[in-house]
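The values are calculated or read from the model by the stated rules, or taken from the named source; none is laboratory data. Model, not experiment: these values are computed from the prediction. All Cβ positions, even for glycine, are placed from backbone atoms using ideal geometry, and neighbour counts span all protein chains on display. The accessibility values were calculated without ligands, DNA or RNA, using every heavy atom of the protein model including side chains. Shrake-Rupley method; radii C 1.70, N 1.55, O 1.52, S 1.80 Å.
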Amino acid sequence: MPEARSTILLVEVDDNLRRLFAIALTLHGYDSIEARNGIEALAILDRHRFDAVVLDLVLPDIDGASIRQEIAAINGHLPVIILTDNREPLRHLNPACVLHKPITPGDVVNAVRRCIAESRT
């Protein structure tokens, strides 16, 4: 039986970027569910199981740091890849990976692949 595809939650306010990231992940064998804001992300997290989360820190309704804390409360071992244009250290958010904008779809795919592999070892 084939191995199940990993599922990624994409939380990004920019519709075009979110779609590009989703397409790139699909082309590399991942399933993704998209959220355009924090409220959607939290609702989706309540209904689905994920192998990783790609999280933009700047969201229109709930800041990404608060979403990160909610994710940790739900599943402290879930890898979270943070997207930011902030150059300050983010260790307090315990990210699996931090990608600094501008970010390509390939950057996201590589980070997801690496973080999922590390979480399974």
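The table that follows gives values for the structure above.
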| item | result |
| --- | --- |
| For the chain, convex hull of alpha carbons as volume per residue, Å³ | 100 Å³ |
| THR121 accessible area, 1.4 Å probe, all protein chains in place, Å² to nearest 10 | 140 Å² |
| Estimated inter-spin distance, ASP63 and ARG49, nm [label 7 Å along Cα→Cβ] | 3.3 nm |
| For ASN75, distant residues with modelled amide H under 5 Å away | none |
| 10 Å Cβ shell holding at most 14 others, DSSP loop, trypsin sites (Lys or Arg not before Pro): longest site-free stretch of the chain | 6-48 |
| Efficiency of FRET from Cβ geometry, ASN94 and ASP15, R₀ 25 Å, rounded to 0.05 | 0.35 |
| Accessible area expressed per residue, the chain, with surrounding protein chains retained (probe 1.4 Å, Å²) | 56 Å² |
| Kirkwood Rh, angstrom, the stretch 1-62 [1 / mean 1/r, Cα pairs] | 11.9 Å |
| Carbon and sulfur %, accessible surface of the chain computed with the full protein complex present, 1.4 Å | 52 percent |
| Karplus-derived HN-Hα couplings along the stretch 11-23 (A = 6.51, B = -1.76, C = 1.60, θ = phi - 60°), whole Hz, x at Gly and Pro | 10, 8, 6, 6, 4, 5, 4, 4, 5, 4, 4, 5, 5 |
| GNM top mover of ILE82, ILE33, ILE74 - the chain, alpha-carbon springs below 10 Å | ILE74 |
